[in-house]
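Trainee: Here it is, the structure in full.
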């Protein structure tokens, strides 16, 4: 993890932490770097953005930097992160850029970099970009004359992605009542178009983005409205997406929230039944619930744990040839169809299992027992030093001994914020609360300004 780029791109408060100058320099470097790989010196880069007020500003800054270095920039405009990854791969671009801060509030924004294979950009190249931002690399020459790049309106590429999604559906969704909450984000029009085209009776909320309401008490981080929509209208299922639609969570027919762990369990067993689960293995992260691990083991299904981040899940899957992996937060990777988490693909695949099994999503999820889990975030003055605090480490060790085999504790620093995340699982909610509260109290006393 570098100075500017965290586990999911360069993210921060727009024009404070992440500025237009940063975006311009990222564009300048990428245009020059990839241009050197072509005989004509011209790189080809695709850019997508979410619905944040500042996304337009960063789009133009990136495009200016790219074209000033002689690259051509194809603009998908408002679209999803996975659609950018899809277009990069399908249309043979040098790289892709997504402007989004995912589930963060509107005043934050981010720059996500995608390589030519549709995966996250390598750490080595990101470190070179950071050196250029900090002036540690000589200034890049400006393109002149006919060497200056151009921008191309490429909405058709986004439409081809929608066609690709439609082609993944194995069944008609006719007579299935579906609720959708795109969180006023990237999927605000794609999701409804997709489900309508496949025959579902679709009800959509929070699909009126105004630049400032993305993730505002809606989408995958605030699912109360979707739960109410599903219950009040007697819908069969509900889907909630985050700001750039690379994650998806589910509401069952009774209004219960189903996490990425539920999706991994349900779809892994569907694949296993058809001998499609390569290596009989599901890739998870350390944040997945103990109940998922126990339920998979009970059904003779292997699992691998990675560090938090869909980047780590994807790397493990690619290295070992695994076909299914993801995070509790709803980043699910179906390797046959995508190199990254794709909320819309996740929704399609959940629908597929429901229809194929002729069971409600609630019935399918009931086979997974979830342990009580509590997660609290503590904003600290220095997350690196906090994580090295000997007193904190001794407290965690003592609490782990108290829980023994009845639970577990995970304390980690955020990759994108000055935050320490404290998570506990146990066989009772009371134990979870006691453990988390004691760790949070220590952090607040020692490390909160």
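The values are calculated or read from the model by the stated rules, or taken from the named source; none is laboratory data. Everything quoted here is computed from the prediction, not taken from an experiment. Cβ: placed from backbone, ideal geometry, glycine included. Neighbour counts: every protein chain shown.
Trainee: Looking only at the stretch 40-52, how many residues end up being over 22 Å from residue 90 (Cβ atoms) and either touching a strand residue (DSSP E or B) at 6+ places or on another chain (Cβ under 8 Å) or not in a loop (DSSP other than H, G, I, E, B) (or both)?
Mentor: Of the residues in the stretch 40-52, 2 are over 22 Å from residue 90 (Cβ atoms) and either touching a strand residue (DSSP E or B) at 6+ places or on another chain (Cβ under 8 Å) or not in a loop (DSSP other than H, G, I, E, B) (or both).
Trainee: Okay, next question. Restricting the search to the stretch 316-327, which residues are in contact (Cβ under 8 Å) with a residue 24 or more places away in the chain and assigned to a helix (DSSP H, G or I)?
Mentor: 316, 317, 318, 320 - these are the residues of the stretch 316-327 that are in contact (Cβ under 8 Å) with a residue 24 or more places away in the chain and assigned to a helix (DSSP H, G or I).
Trainee: Looking at the stretch 62-90 only, could you name the residues that are under 11 Å from residue 23 (Cβ atoms) and surrounded by 23 or more Cβ atoms within 10 Å (Cβ to Cβ)?
Mentor: Once the filter is applied, which keeps residues that are under 11 Å from residue 23 (Cβ atoms) and surrounded by 23 or more Cβ atoms within 10 Å (Cβ to Cβ), the stretch 62-90 yields 62, 63, 65, 66.
Trainee: Out of the helices (runs of 4 or more DSSP H) lying entirely within the stretch 339-449, which hold 1 or more residues that are in contact with a strand residue (DSSP E or B) (Cβ under 7 Å, 6 or more places away or on another chain) and under 29 Å from residue 242 (Cβ atoms)?
Mentor: 343-357, 361-365, 383-387, 429-447
Trainee: For the stretch 155-170, which positions are out of contact with any helix residue (DSSP H, G or I) (no Cβ under 7 Å at 6 or more places or on another chain) and farther than 21 Å from residue 357 by Cα?
Mentor: 155, 156, 159, 160, 163, listed by residue number.
Trainee: Between a first residue in the stretch 216-245 that is surrounded by fewer than 16 Cβ atoms within 10 Å (Cβ to Cβ) and a second residue that is assigned to a helix (DSSP H, G or I), which pairs have beta carbons less than 9 Å apart while being 6 or more apart in sequence or on different chains?
Mentor: 217/224; 217/225
Trainee: Could you tell me whether residue 108 is in the same structural domain as residue 47 (by TED's automatic domain parsing) and over 22 Å from residue 414 (Cα atoms)?
Mentor: no
Trainee: May I ask you to list the residues in the stretch 98-123 that are part of a strand (DSSP E or B) and either modelled with pLDDT of 95 or more or within 17 Å of residue 43 (Cβ to Cβ) (or both)?
Mentor: 98, 99, 108, 109, 110, 111, 112, 113, 114, 115
Trainee: Considering only residues that are surrounded by fewer than 17 Cβ atoms within 10 Å (Cβ to Cβ) and touching a strand residue (DSSP E or B) at 6+ places or on another chain (Cβ under 6 Å), look in the stretch 294-320 and name the one that is farthest from residue 6 (Cα to Cα).
Mentor: The selected residue is 302.
Trainee: When the residues of the stretch 353-368 are filtered to those that are surrounded by fewer than 17 Cβ atoms within 10 Å (Cβ to Cβ) and touching a helix residue (DSSP H, G or I) at 6+ places or on another chain (Cβ under 9 Å), which remaining residue is modelled with the lowest pLDDT?
Mentor: That would be 367.
Trainee: Residue 126 fails exactly one of the following numbered conditions: (1) out of contact with any helix residue (DSSP H, G or I) (no Cβ under 6 Å at 6 or more places or on another chain); (2) part of a loop (DSSP other than H, G, I, E, B); (3) in contact (Cβ under 8 Å) with a residue 24 or more places away in the chain; (4) under 24 Å from residue 6 (Cα atoms). What is the number of that condition?
Mentor: Against the list (1) out of contact with any helix residue (DSSP H, G or I) (no Cβ under 6 Å at 6 or more places or on another chain); (2) part of a loop (DSSP other than H, G, I, E, B); (3) in contact (Cβ under 8 Å) with a residue 24 or more places away in the chain; (4) under 24 Å from residue 6 (Cα atoms), residue 126 comes up short only on (2).
Trainee: On to the next question. Return yes when residue 135 is closer than 22 Å to residue 14 by Cα and either without any contact (Cβ under 8 Å) to a residue 12 or more places away in the chain or assigned to a helix (DSSP H, G or I) (or both) and no when it is not.
Mentor: yes
Trainee: While we're looking at this one, here's another question. Can you tell me which condition residue 57 does not meet? The list is (1) in a loop (DSSP other than H, G, I, E, B); (2) more than 18 Å from the chain's Cα centre (by Cα), and all the others hold.
Mentor: Here residue 57 clears every test but (1).
Trainee: Does residue 164 meet the test of being in contact (Cβ under 8 Å) with a residue 40 or more places away in the chain, within 26 Å of residue 72 (Cα to Cα), out of contact with any strand residue (DSSP E or B) (no Cβ under 7 Å at 6 or more places or on another chain) and not assigned by TED's automatic domain parsing to the domain that holds residue 27?
Mentor: Considered against the rule, which asks whether it is in contact (Cβ under 8 Å) with a residue 40 or more places away in the chain, within 26 Å of residue 72 (Cα to Cα), out of contact with any strand residue (DSSP E or B) (no Cβ under 7 Å at 6 or more places or on another chain) and not assigned by TED's automatic domain parsing to the domain that holds residue 27, residue 164 comes out as yes.
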